[in-house]
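J.: Have a look at the structure that comes next, please.
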Protein chains: 2
Amino acid sequence: EVHCLSTITSNPRHKQMHRDQDTRKIIHCIKVGISLVLVSLLYLLNPLFKQVGENAMWAIMTVVVMFEFSAGATLGKGFNRGLGTIIGGGLGCLVALFAQSIGIHRVGNSIIIAVSVFIFGSFATYLRLIPSIKKRYDYGVMIFILTFNLVVVSGARVNVKVWELARERLLNILIGFIVCVCVSLFVFPLWASNELHDSIVSRFLDLANTIQGCLGECTKTIDEKENQPRFSFNVCNSVLNSKSKDESLANFAKWEPWHGKFGLSYPWGRYLKIGEILREMAAFILATGRCLEASKEPMATLRESEWVHLETCEALESKVACILRELGDSIKKMMKCDAEGCVSEQLKAAREDLSFIISTSKMAQLEDAQVLAIATFVFLLMELIGKVEELAKEVEE
Amino acid sequence: EVHCLSTITSNPRHKQMHRDQDTRKIIHCIKVGISLVLVSLLYLLNPLFKQVGENAMWAIMTVVVMFEFSAGATLGKGFNRGLGTIIGGGLGCLVALFAQSIGIHRVGNSIIIAVSVFIFGSFATYLRLIPSIKKRYDYGVMIFILTFNLVVVSGARVNVKVWELARERLLNILIGFIVCVCVSLFVFPLWASNELHDSIVSRFLDLANTIQGCLGECTKTIDEKENQPRFSFNVCNSVLNSKSKDESLANFAKWEPWHGKFGLSYPWGRYLKIGEILREMAAFILATGRCLEASKEPMATLRESEWVHLETCEALESKVACILRELGDSIKKMMKCDAEGCVSEQLKAAREDLSFIISTSKMAQLEDAQVLAIATFVFLLMELIGKVEELAKEVEE
């Protein structure tokens, strides 16, 4: 039974994924704990504290703010923080010195500083609202505003020590950064690239299962239906809502260029494209499923009739699902699809089978509904598989 | 011409929306600038600086980190920051005092602190990974970790002043909080609730336009097609990807309970539900459109034939689009739909028209494809409108 088979294969996989996810979460928590303790040693050990003093606060702050779930995210935030601090600090120093050299009395000095705070603050905030900057450098710009402000107003106070102050804070942020990066990369690293890769692969399998389960449900007789729980399209919905997650993962993955499993310029953009196609496909499956659901009652009775070649439909569906699985596998192993020719030949055969179904089933109105749903479906699959083939060709082993 | 009409009505609206959005961005930037200047005055004005001292840094930090685009987001972050600081600071003090009272020599003291840093840090990080907490309290938990750590390790150093230190920082964070909230709420406030409301309403209109444009495109003759640019389904895709934005807006909107236009317990959950239905509908429109596209060539020639009642289809489509617009309007004005009865009657009529089309167009295979697409479509619309009606009933004026 096709449907049973699909649930059997899907459930343990999901459980396994959940378990993996839980393990990773716990690893992450422990890593954060370790980093925090390491950086707290700056305070707790006397010789260290004599070196860094109260500024050790900045190292702790850096660790808390910077440590993210995946290595890529941590690196990205660290890079942003470093860049923001350096540019903000540098500019802040310049403005502070400028104000000191021009403003002869304190009031003029203060006014120049207030104006510069307003201008730089507003302008940088505007930058944060530009989508392309927001996507990758939001945090860096925020740190820029923060550092610039702190340095500029401190410059108005402690006339001489402004460079000193900046240097010490930078040093401490650097310590925090190094702790984060070391723990994140060398203690059970959690790669965003792996996560993106796995989630794309598992989406192929999920959709393949949904395709099988969906028609499987509709072609069942009424007896069967009552015995099994209703098939749900949650998978489709979760695939549909995966865009923002994909994008942030791809963003993080770009920060992991040397990560062994993937090459130096791994095509993450292509993953986003595949994700986009998968989302479109999920939309189609959802529509198809709803469509079949609407005409459910007659469908079950049709099974016994001679008009319909439901067997062909089912065979077709499992073939399509099978191709999807194969493609998912080929991405998983990062190999060319065994034979692109083979996939496209299978698809051609499927298309022919389909036209056969259509031509032999003109009698019943409702039947057409079903056939059309499948036709739409296969049509979209063609499109999807064409694109994935293109991808499979380009991704080297 | 239906298609022309839809582009005419949609373009100026989009331009207007873009202009509004730009204005709001600039207002936001200026507000951030003002807040930064206000809080910098703590440093720049001598009498104030004497009161707060170096801790004014915390006020600046609070403003930079807390000031978000909408009033709700700012309040939410402020609340999180306040709560995190208080709980973290309180616990930190307790642990520091506990360590002091137990650890007789410095080493024991340090070990207790290091262990507590590890345990609280790991546990709080685990909390951050739980979806329901992540959604609303992520920032608060992060601040908790930060404050707890800083207080605990400072406690190991400056034995007496730990309460003093905590009190002063809290005071400065409070100043930053007050500045943020005042500027955010009283200087041209930007409400997340308004934004959510508007984006839902505009999605109704966008989808209505897409429905009209999509069939309008397909029923055109080939000549017409060459003269006009290809109709795109970008709207559907953007609606499909709106989930995370909606959720965060609804989250923020919950922080704006007294906001004049909306009541005290405005049903934001319902907005999310409508958003969900609209997304499902967009998936259907996308599928329908692709389906019509696939059978485009024959469709155009069918126009001249007698078999097809394309006029009826078109009329039906504009009726459905019209109902959608009406519903969008009723949400916009926050009134009950003029007559729910009216809407459902119109829908019933549409359904009858549809069955008429289906029954009179059995002859051609391709025709069925089109009819089925529309049938799917209307079927989904029914569902959508049923739910919206329910909503319209419940939302009081």
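Residue by residue, here is whether (1) surrounded by 15 or more Cβ atoms within 10 Å (Cβ to Cβ); (2) closer than 30 Å to A:D20 by Cα; (3) touching a Phe, Trp or Tyr at 6+ places or on another chain (Cβ under 8 Å) holds:
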{"site": "A:K134", "(1), (2), (3)": "no, no, no"}
{"site": "A:Y137", "(1), (2), (3)": "yes, no, no"}
{"site": "A:F144", "(1), (2), (3)": "yes, no, no"}
{"site": "A:L150", "(1), (2), (3)": "yes, no, no"}
{"site": "A:R167", "(1), (2), (3)": "no, no, no"}
{"site": "A:I175", "(1), (2), (3)": "yes, no, no"}
{"site": "A:A192", "(1), (2), (3)": "yes, yes, yes"}
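Rundown of residues vs (1) over 28 Å from A:L249 (Cα atoms); (2) more than 13 Å from chain B (Cβ to nearest Cβ), yes/no style:
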{"residue": "A:L42", "(1), (2)": "yes, no"}
{"residue": "A:E54", "(1), (2)": "yes, no"}
{"residue": "A:V63", "(1), (2)": "no, no"}
{"residue": "A:M66", "(1), (2)": "no, no"}
{"residue": "A:A71", "(1), (2)": "no, yes"}
{"residue": "A:L75", "(1), (2)": "no, yes"}
{"residue": "A:G84", "(1), (2)": "no, no"}
{"residue": "A:G88", "(1), (2)": "no, no"}
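J.: Residues in segment A:179-193 that are more than 15 Å from A:V63 (Cα to Cα), in contact with a helix residue (DSSP H, G or I) (Cβ under 9 Å, 6 or more places away or on another chain), assigned to a helix (DSSP H, G or I) and not aliphatic (A, V, I, L, M): how many?
T.: 1
J.: Is it true that some residue in segment A:157-178 is in a helix (DSSP H, G or I) and facing chain B (nearest Cβ under 10 Å)?
T.: Yes, that holds for at least one residue.
J.: Those residues that are over 21 Å from B:A166 (Cβ atoms), within 11 Å of chain A (Cβ to nearest Cβ) and among the small types (G, A, S), I need them from segment B:119-143; list them, please.
T.: The one that is over 21 Å from B:A166 (Cβ atoms), within 11 Å of chain A (Cβ to nearest Cβ) and among the small types (G, A, S): B:S122.
J.: Let me ask something else. So A:K134 fits all but one of (1) closer than 18 Å to B:M66 by Cα; (2) among the basic types (K, R); (3) in contact (Cβ under 8 Å) with a residue 12 or more places away in the chain; what number is the exception?
T.: Checking A:K134 against (1) closer than 18 Å to B:M66 by Cα; (2) among the basic types (K, R); (3) in contact (Cβ under 8 Å) with a residue 12 or more places away in the chain, the one that fails is (3).
J.: Specify the residue that is farthest from A:M61 (Cα to Cα); the eligible residues are those in segment B:102-122 that are modelled with pLDDT of 80 or more and exposed (fewer than 14 other Cβ atoms within 10 Å of the Cβ).
T.: Applying the filter and picking the extreme gives B:I111.
J.: Are any of the residues in segment A:272-282 within 19 Å of B:C236 (Cβ to Cβ) and modelled with pLDDT under 70?
T.: No: segment A:272-282 contains no residue that is within 19 Å of B:C236 (Cβ to Cβ) and modelled with pLDDT under 70.
J.: Then there's this: Is it fair to say A:I60 is without any contact (Cβ under 8 Å) to a residue 40 or more places away in the chain, in contact with a Gly (Cβ under 9 Å, 6 or more places away or on another chain) and not aromatic (F, W, Y)? Before the answer, list the steps.
T.: Values: without any contact (Cβ under 8 Å) to a residue 40 or more places away in the chain: no; in contact with a Gly (Cβ under 9 Å, 6 or more places away or on another chain): yes; not aromatic (F, W, Y): yes.
In short, no.
J.: Among the residues of segment A:72-116, which ones are of a type in the set (G, A, S) and touching a Phe, Trp or Tyr at 6+ places or on another chain (Cβ under 6 Å)?
T.: Those that are of a type in the set (G, A, S) and touching a Phe, Trp or Tyr at 6+ places or on another chain (Cβ under 6 Å): A:G72, A:A73, A:G76, A:G78, A:G84, A:G88, A:G92.
J.: Follow-up. Considering each residue of segment A:208-248, count those that are over 16 Å from A:Y271 (Cα atoms) and either of a type in the set (A, V, I, L, M) or modelled with pLDDT of 80 or more (or both), and give that number.
T.: 5
The values are calculated or read from the model by the stated rules, or taken from the named source; none is laboratory data. As the structure is a computational prediction, the values presented were derived from the model and not from experiment. Note that each Cβ is placed from the backbone with ideal geometry, even for glycine, and that neighbours are counted across all protein chains shown.
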